[in-house]
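The values are calculated or read from the model by the stated rules, or taken from the named source; none is laboratory data. These figures come from a predicted structure and were not determined experimentally. Note: ideal-geometry Cβ built from the backbone for every residue, glycine included; neighbour counts use all protein chains shown.
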Amino acid sequence: MIQVFVCCEGPTDIGALKAFSEKCISAKVECMTHNDVKHIKVRRLKSGKQGKEKDDALSRKAYIRRIAFIANEYSSTFIAYHQDADRNYECVYEDVNSDLDEYREKGFGCVAIVPKEMTESWLLADAKAYATAFGHNPERPALPKKPEEIWGKREIPNSNYPKNVMERILKQYSLSPNREIFAEIADKSDIATVKARCPKSFARFVDDLHSLNL
C-alpha cells in the first residue's frame, strides 16, 4: 500500500490527522512529530555559531527535509507537513507550500496541512462524532457553529481558544485531550460535515489530499 509520511507539530495532532487523512485517501498515513524526526541526520546542520548543532530548534525546512528523507527510505514519494495557523492562515498555508516546492520539483507529492486555527478546530465540527464515540450526553455543551473562527486567550479557561473549548467539551464526558481521544473523534467524524463546518481550511485539506491522485 502507498504510504504518506506526515510531520506533525505535536503528539495529540497525530491521532486526528492520521484518522482524517486515511478517511480521505486510499493510503497508509504515517505521522511523526517534530521530536520524532528532529534527530534524523540527513546532513549536519549548523547554526550561525561555529560548531553548534541546530537540532534543538530546527527550521520548518529542516523538518520537511527529514520527513522527505524518511519517506525516501520507505520508497515513498508522498509527504505532508502540518502547522497550525494560529490566526495567520493564508500566510502559513502559503509559506508551508513554498517550503514544499523544493520537493515537488524532485518528484514528491506534497500537502500542506494547515488547520485554521488549529487541529482542535476541525475536531469541533461534527457533534454526532461525540455521541457515536462517547455516548449521548444531554448536558454536553453545543459545539461552535463556526469552529474555524473561534479564538481567545489560552490563559483564560472559559475563553474560545480552541484547546480550551475542546477541554470543556471533553470534560462533559470525563475525558481529557490526548492522541487516542482525538483519533476517535476524527475517525467518527463525517468528512462532508467537517468540510461544511470548516470550509476554509478543512475543505482545502481534503482537496489537496485528493490532488495526490493516490
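Observations
- Residue in segment 86-98 that is nearest to residue 163 (Cα to Cα), counting only those that are free of Cβ contacts under 8 Å to residues at least 24 places away in the same chain and among the hydrophobic types (A, V, I, L, M, F, W, C): 92
- Meets criteria (within 29 Å of residue 187 (Cβ to Cβ) and at pLDDT 95 or above) for residue 29: yes
- Residue within segment 127-148 that is in contact (Cβ under 8 Å) with a residue 24 or more places away in the chain, buried (at least 21 other Cβ atoms within 10 Å of the Cβ) and in contact with a Leu (Cβ under 7 Å, 6 or more places away or on another chain) present: yes
- Scanning segment 99-126 for residues that are touching a residue at least 40 places away in the same chain (Cβ under 8 Å) and of a type in the set (Lys, Arg) returns a single hit, 116.
- Residue within segment 32-48 that is at pLDDT 95 or above and either in contact with a Leu (Cβ under 7 Å, 6 or more places away or on another chain) or under 30 Å from residue 207 (Cα atoms) (or both) present: yes
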